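Just below is one structure, and these are the notes that go with it.
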Amino acid sequence: MPKREYKSIEVKIRGKQVPIPKSAYNDLYESSLYIEFNSVHYDKDNDILYIVANNGDGAGSYMVCWQIEKGVYKGRKVGIPF
């Protein structure tokens, strides 16, 4: 049984709230609470924000990357980080 799960994800860009649908995180568990395992990258040329989280319980580790393009949520990719 999972111990941790995402309840919500809130993103603000230049003061504007970016809606992130529940379907973008409602099946992700064992989220990492440690900032060193998570990161945010901004592609200035294409105005794309990437939010990356490394989650899991050790043996079941995975990475998720949410993509926000021009202030609009576009999707996510989930994979194994190694």
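In the range 14-33, what count of residues is obtained for those that are among the β-branched types (V, I, T) and assigned to a loop (DSSP other than H, G, I, E, B)?
Residues in the range 14-33 being among the β-branched types (V, I, T) and assigned to a loop (DSSP other than H, G, I, E, B): 1 in total.
Can you tell me which residue is nearest to K74 (Cα to Cα) among those in the range 28-50 that are of a type in the set (D, E, K, R) and at pLDDT 95 or above?
D47
Can you pull out every residue in the range 34-78 that is of a type in the set (F, W, Y), in contact (Cβ under 8 Å) with a residue 12 or more places away in the chain and assigned to a strand (DSSP E or B)?
Hits for the range 34-78 are Y50, Y62, W66, Y73.
The values are calculated or read from the model by the stated rules, or taken from the named source; none is laboratory data. A quick note: this is a predicted structure, and the numbers were derived from the prediction, not measured. No Cβ is skipped: glycine too gets one built from the backbone with ideal geometry, and neighbour counts run over all protein chains shown.
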